[in-house]
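**Student:** Quick one: the structure is below, and I'll ask about it shortly.
No lab work stands behind these numbers, since they all come straight from the coordinates. All of these numbers come straight from a predicted model, not from anything done at the bench. Cβ atoms come from the backbone with ideal geometry, glycine included; neighbour counts cover every protein chain shown.
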Amino acid sequence: MDITNIEDEVYDFDNIFFQKVSSVVEEGLDFIENNHLIEPKENYVMLIDYLGTVINYFHNLDRSFMDSTFKKLQSDVNNLNGLYKKQKDILQNVEEIFKKNFKKQSNVIRVYTQEILEYKSADNLSNEEKIELKILLDYYKELDAVCFETFKSIFKEDCKYLLDSLLVVLNSKTYYLHEMFWHKAADSEAVQRLFRIQKIDGDISSKNYITHKLDVMLPYSKEYQYFKDCLRIYK
Amino acid sequence: MSENIDYSVEDIEKFLEITRLENDKPQSASLHKLLSVQNKIAIFRDIDPDELKAIIYDLKFVKYKFKDYIIKQGDISENIYFIIQGDCQVFSDDKLVATLVPGIIFGESAAIFKTKRNASVICASQDATLLSFCIDEKNVEFCAQALFTLYKNLASEINAKLESSNAAFIKK
């Protein structure tokens, strides 16, 4: 079976299916490259949940906390994170996408489906036609399996590439969000007061804040483990 | 969605300021020391320094005195140790089983397999300097290559230890 046509169809499908995420990735990578931004090797994406909570908390203490750049960046990170999670889900549901999306628009599959339908809708098939239909159904089964394997291989590779690139963009922007946030926190009188009242040791930093949280938290809870993992980023 | 975020020149200046601050930030003393001796430590061979920084945490250069416990049998901890200076002795159920010298790594098996310490390690010289660290195996998304190389190097170390104990056993 010649799979060139199927491969071409999958590439065309992917171009449309991933159009949006692809343009976000391209734009994000260009932004990093053009501005020589840092691409950390530490996993800052892991901090997103913690950052969201602490940003809200400090914002409630000090309303002057967020400037327009910070708001833009926070919204950017949230959107990228949503897109990243969606892309991860897509990678887990390849078979469903094949059945629901790809098969409907594949010409290769459509030709055979149509032919089968024509046979099936006809009244009184002759014995010869019944044999032809059987051959066709067997071939369709084989074609479906080949199509799926071809689709899975190309689609997964494209999806994984975009997922990895998206992660690079998301991680870099989360790093900048984290840094901008803690620089602002260090300058905020309300946050300085909070650190004094809660007797948090050392300067105003994420590391000291998390260390303090761990000190007052119930050990071995899920949240405790999460904060312990977050702490690994700070050297 | 993200493509709608339009950063102005002023916004970008704030990004660049963060980059400048990061580049000017002094490296922690332990990290600086580690990177300067990276090539001398077999398990860190062939690892990109930026990735090495990202896959290890709780990095400390620790000094011990004679008879200080470094590891206690039955304890749970994920630290791996590398002897820089001084000697250490390994005791299993209070029986001396090995003497460790500079350049040797220990504690890796409990760290990798998340098991209790299977022996105690005590400082056997007047003093000893050890490099202690943990591996952040969760950072696989950003440092898969570095983690692969590190585990490969650790496997070589474990293999060398097994070969040497086999040789000692045959000699007996």
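**Student:** Looking at B:D6, is it closer than 26 Å to B:C143 by Cα and not aromatic (F, W, Y)?
**Tutor:** no
**Student:** Another question, then. It is to be established whether one or more residues within segment A:59-66 are closer than 19 Å to A:H212 by Cβ, more than 14 Å from chain B (Cβ to nearest Cβ) and touching a residue at least 12 places away in the same chain (Cβ under 8 Å).
**Tutor:** yes
**Student:** Restrict the check to segment B:92-102 and report whether at least one residue is surrounded by fewer than 18 Cβ atoms within 10 Å (Cβ to Cβ), within 14 Å of another protein chain (Cβ to nearest Cβ), in a strand (DSSP E or B) and touching a residue at least 12 places away in the same chain (Cβ under 8 Å).
**Tutor:** No: zero hits.
**Student:** Being polar (S, T, N, Q), surrounded by fewer than 16 Cβ atoms within 10 Å (Cβ to Cβ) and within 14 Å of another protein chain (Cβ to nearest Cβ) is true for just one of A:S75, A:S126. Which residue is that?
**Tutor:** Checking each option against the conditions leaves just A:S75.
**Student:** Which one of the conditions (1) closer than 20 Å to A:K71 by Cα; (2) without any contact (Cβ under 8 Å) to a residue 40 or more places away in the chain; (3) surrounded by fewer than 19 Cβ atoms within 10 Å (Cβ to Cβ) does A:E179 fail to meet, given that it meets all the rest?
**Tutor:** Evaluating A:E179 over (1) closer than 20 Å to A:K71 by Cα; (2) without any contact (Cβ under 8 Å) to a residue 40 or more places away in the chain; (3) surrounded by fewer than 19 Cβ atoms within 10 Å (Cβ to Cβ) leaves (3) as the failure.
**Student:** Just to check your reading of the model, which residue among B:E51, B:E78 is in a loop (DSSP other than H, G, I, E, B) and not hydroxyl-bearing (S, T, Y)?
**Tutor:** Unique residue meeting the criteria: B:E78.
**Student:** Could you figure out which of (1) within 14 Å of B:F106 (Cα to Cα); (2) part of a strand (DSSP E or B) isn't true of B:Y57?
**Tutor:** Every condition holds for B:Y57 apart from (1).
**Student:** Which residues, taken from segment A:13-44, are more than 8 Å from chain B (Cβ to nearest Cβ) and in contact with a Leu (Cβ under 8 Å, 6 or more places away or on another chain)?
**Tutor:** A:F18, A:V21, A:S22, A:V25
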